[in-house]
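This report refers to the structure that appears directly beneath it.
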Amino acid sequence: MHELSLRELGEGLRAKKFSSRELTGHYLGRISQHDKALNSYITVTADRALAQADAADKTLAAGAGGALTGIPLAQKDIFCTSGVRTSCGSKMLDKFIAPYDATIVQKLDAAGMVMLGKANMDEFAMGSSNETSYYGPVKNPWDLERVPGGSSGGSVAAVAAGLAPIATATDTGGSIRQPAALTNLTGIKPTYGRVSRYGMIAFASSLDQAGVVAHSAEDAAVVLQAMSGFDPRDSTSVERPVDDYISGLGASLKGLRIGLPKEYFAEGLDPGARACIEAAIKVFEGLGASVREVSLPSSPLSVPTYYVVAPAEASSNLARFDGVRYGHRAEGVHTLEELYKRSRGEGFGAEVQRRIMIGTYVLSHGYYDAYYLKAQKVRRLIYDDFRRAFGEVDLILGPTAQSVAFKLGDKTDDPVAMYLNDIYTIAANLAGIPAMSLPCGFHQDLPIGMQLMGNFFDEGRMLNAAHQYQQATDFHKRRPQAFA
Ligand code: GLN
């Protein structure tokens, strides 16, 4: 059953080949069998899942429900889930039981989906390897000695290994796309403001977007459709109707103009990854698309810009975790200052503390103009690059990551090497445009992903391009053998 697409799962449920309870039980069984090796779930919500499955079965028996009724999923542990621990990968929130549901949790519940549990992640979504989680690293199902990418490492490992048919994820600088690339999945980060951030624990609010990781663009489209839309409880949510992503999946790519940013094909890109992406470009040409070079001249500045803007916002967002209002509280303290210091010192891991310090520094009087304000200006230049490029082309294509998944521990001692993982993904967050990663081949038996970026609210066109490519290729169908 775990080999089936969401459409096939839905058809199977409706044809009564299996019930949602059986399907849910199958995934719960696979989690108990395989997740010791992967560590992809922080919390498994078996009872809640079976109750949701029974409710879905009732709906289906009455001939009601939609495309997602009865289909299980994993929720990244950054989304508040009422009555269920919502840890954000941190000791700070290890005992936090959310009192309400995030909007996307509510929407997917309402669509009849069954939550299997909460997926592991880097602490407060800070990381590119899922090694900063308080709950331990996640392993890559393609090679257990390698990282799955981050910060949505649990979401991708669960889906890649067949421990969930699909999962939610979030992307502040690449956390949907980079892990999707490293595990042979399709992951989409929509336009900033397309999906509600209400109930999604904030890292860098002007960059954070929720999305999905899936086995195909078609699967991703169905769940993204259900997650998207205006939410009055998120002040940055955009009031604009959601396109029909699913019926858009049949369109021909004839006449589609694809831009290849020359900066993305410069040094740093592994030759193995480059070869896969060049082959993919040929496939797109074969499907009728035209390809030309474009330039995003400010893109080399995106990593340094991000590492000012994101920590600045994080330092402000994470101020609420003080042991009084939220989060872990240190024991045996005598003064208020000691309470703050020890609670935050004990509750936050090293990477989160590093980001808070950087953020506080760049926002402080005397450094604000030199760092934060400067970064905001460069951010605008990055946005202008995309505006210009989308005057010439419909989609931009490039690599998602520089190479295949690296070994656990390889970059943990070198934060800057870790930060460079997102060199191709960060610009989309700084500009606010939608972007996705999809499988485009293998190098040394490990998956390679390519990235598509679209103009604002052009998710539909991007998903269709990915879907057409997936109709012509079968890289996305390959699964890691150890989890067959
Ligand atoms: N890897 C980047 C970081 O560490 C991006 C993380 C994310 O997108 N949440 O901040």
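The values are calculated or read from the model by the stated rules, or taken from the named source; none is laboratory data. All values derive from a computational prediction rather than experimental measurement. Cβ atoms come from the backbone with ideal geometry, glycine included; neighbour counts cover every protein chain shown.
Structural remarks
- Which listed residue, of V294, V309, V393, is crowded, with 20+ Cβ neighbours inside 10 Å, within 24 Å of the chain's Cα centre (by Cα) and not small (G, A, S): V309
- Within this structure, G117 passes the test of being crowded, with 22+ Cβ neighbours inside 10 Å and part of a strand (DSSP E or B).
- Scanning the stretch 344-351 for residues that are more than 16 Å from the ligand (Cβ to nearest atom), outside any loop (DSSP other than H, G, I, E, B) and acidic (D, E) turns up at least one hit.
- Of all residues in the stretch 134-173, those being closer than 17 Å to A210 by Cα, in a loop (DSSP other than H, G, I, E, B) and within 16 Å of the ligand (Cβ to nearest atom) number 6.
- Residue within the stretch 413-427 that is of a type in the set (A, V, I, L, M) and touching a strand residue (DSSP E or B) at 6+ places or on another chain (Cβ under 7 Å) present: no
- For G441, the stated conditions do not hold, so it cannot be described as within 16 Å of the ligand (Cβ to nearest atom) and at positive phi.
- Among residues that are in a helix (DSSP H, G or I), over 27 Å from A202 (Cα atoms) and not hydroxyl-bearing (S, T, Y), K17 is not included.
- Any hit, the stretch 53-66, residues being free of Cβ contacts under 8 Å to residues at least 60 places away in the same chain, part of a loop (DSSP other than H, G, I, E, B) and in contact with an Asp or Glu (Cβ under 8 Å, 6 or more places away or on another chain): no
Matching residues to (1) surrounded by 18 or more Cβ atoms within 10 Å (Cβ to Cβ); (2) touching a Gly at 6+ places or on another chain (Cβ under 7 Å):
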residue	(1), (2)
A180	yes, yes
G193	yes, no
G211	yes, yes
Q225	yes, no
L249	yes, no
S252	no, yes
I258	yes, no
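- Summed over the stretch 311-343, the residues that are under 14 Å from I201 (Cα atoms) and either within 16 Å of the ligand (Cβ to nearest atom) or polar (S, T, N, Q) (or both) give a count of 6.
- The set of residues in the stretch 251-269 being within 26 Å of L287 (Cα to Cα) and either touching a residue at least 60 places away in the same chain (Cβ under 8 Å) or among the hydroxyl-bearing types (S, T, Y) (or both) consists of A251, S252, L253, L256, R257, I258, G259, L260, P261, Y264, F265, L269.
- All positions within the stretch 457-484 that are surrounded by fewer than 24 Cβ atoms within 10 Å (Cβ to Cβ), of a type in the set (A, V, I, L, M, F, W, C) and within 18 Å of the chain's Cα centre (by Cα): F457
- Among the residues making up the stretch 194-230, a single one is of a type in the set (F, W, Y) and either within 15 Å of the chain's Cα centre (by Cα) or assigned to a helix (DSSP H, G or I) (or both): F203.
- Among the residues of the stretch 358-375, at least one is closer than 30 Å to I258 by Cα, modelled with pLDDT of 95 or more and surrounded by 14 or more Cβ atoms within 10 Å (Cβ to Cβ).
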